[in-house]
Amino acid sequence: MSITTGIVLFEDFEELDAVGPWEVFAMARLNGYEADRVVTIAERAGPVRAAKGMRMIPDHAFADAPPLDVLVVPGGQGTRREAENPALLEWLRKAAEPCTWVTSVCTGSLLLHPAGLARGRRVPTHWAFAAQLRERGDVEVLERVRYVRDGNLVTAAGVSAGIDMALWLVGQLHGPAHARLTEKLMEYDPAPPQAEECG
């Protein structure tokens, strides 16, 4: 069975929130899972500018997006604006219905909440926005954790935590051994580089 993962793009999304999970899921396609797909989706066609200037061209607009098995919602400065975008929130609600897993990275949880997908759930977010999300009510905001599973919702703390979350999901989708292989292929080592002297 093939897995389709969709990563949502919007103006001022945080680059690594989207690209980190994309790299994990795309790398996981190797060695037996080539039928899996990883696609980017935005409200409309055309380049989308990320928070620090990267531009990405989505594979699909909301209108022609395929059914998803995994939905990834990145964070970034744009979440503050997009939390008031009814088109995005409605699309998230509908896209999430058939999903095996619904996920967010960093302040992507600020979009899941108004879409109703994080209400009554346990979620982390970027440490600087934990209080803001908590104030919105009907959500338990966890701190000092990398990612949290609550049912089929898996949410990650800030930025790089999305890589850890995506690797965990690969383990759920294709088994822990394949997740370890994916991590090895990426040469991903989460040990803080400050712990060793630079050579």
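The values are calculated or read from the model by the stated rules, or taken from the named source; none is laboratory data. Everything quoted here is computed from the prediction, not taken from an experiment. Because the Cβ atoms are built from the backbone with ideal geometry, glycine has one as well, and the counts that use them run over all protein chains shown. In case anyone asks, the SASA skips ligands and DNA or RNA and just uses the protein heavy atoms, side chains included. Shrake-Rupley method; radii C 1.70, N 1.55, O 1.52, S 1.80 Å.
The figures follow:
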item	result
Residue under evaluation G20, criteria (1) touching a Leu at 6+ places or on another chain (Cβ under 9 Å); (2) closer than 20 Å to L153 by Cα, criterion not met	(1)
Qualifying residues in segment 1-15 (those that are farther than 24 Å from A45 by Cβ and touching a residue at least 12 places away in the same chain (Cβ under 8 Å)) - the one least open to solvent (accessible area, probe 1.4 Å)	I3
Matching residues, segment 78-109, being assigned to a loop (DSSP other than H, G, I, E, B) and either of a type in the set (D, E, K, R) or within 15 Å of the chain's Cα centre (by Cα) (or both)	E84, E97, C99, T100
Test: residue in segment 116-133 that is of a type in the set (S, T, N, Q) and loosely packed, with under 14 Cβ neighbours inside 10 Å	no
Some residue of segment 77-98 being under 19 Å from P124 (Cα atoms) and hydroxyl-bearing (S, T, Y)	yes
Failed item, numbered, when P86 is tested on (1) surrounded by 15 or more Cβ atoms within 10 Å (Cβ to Cβ); (2) out of contact with any Cys (no Cβ under 9 Å at 6 or more places or on another chain); (3) within 16 Å of L111 (Cα to Cα)	(1)
Pairs with Cβ under 6 Å, 6+ apart, first in segment 33-52 and without any contact (Cβ under 8 Å) to a residue 24 or more places away in the chain, second open to solvent by 80 Å² or more (accessible area, probe 1.4 Å) and of a type in the set (K, R)	P47/R55
Boolean, G151 is more than 21 Å from F13 (Cα to Cα) and open to solvent by 20 Å² or more (accessible area, probe 1.4 Å)	yes
Helices (runs of 4 or more DSSP H) wholly inside segment 110-195 that include at least 3 residues being under 14 Å from the mean Cα position of the chain (by Cα)	161-174
Residue tally, condition assigned to a loop (DSSP other than H, G, I, E, B), open to solvent by 40 Å² or more (accessible area, probe 1.4 Å) and among the small types (G, A, S), over segment 32-76	3
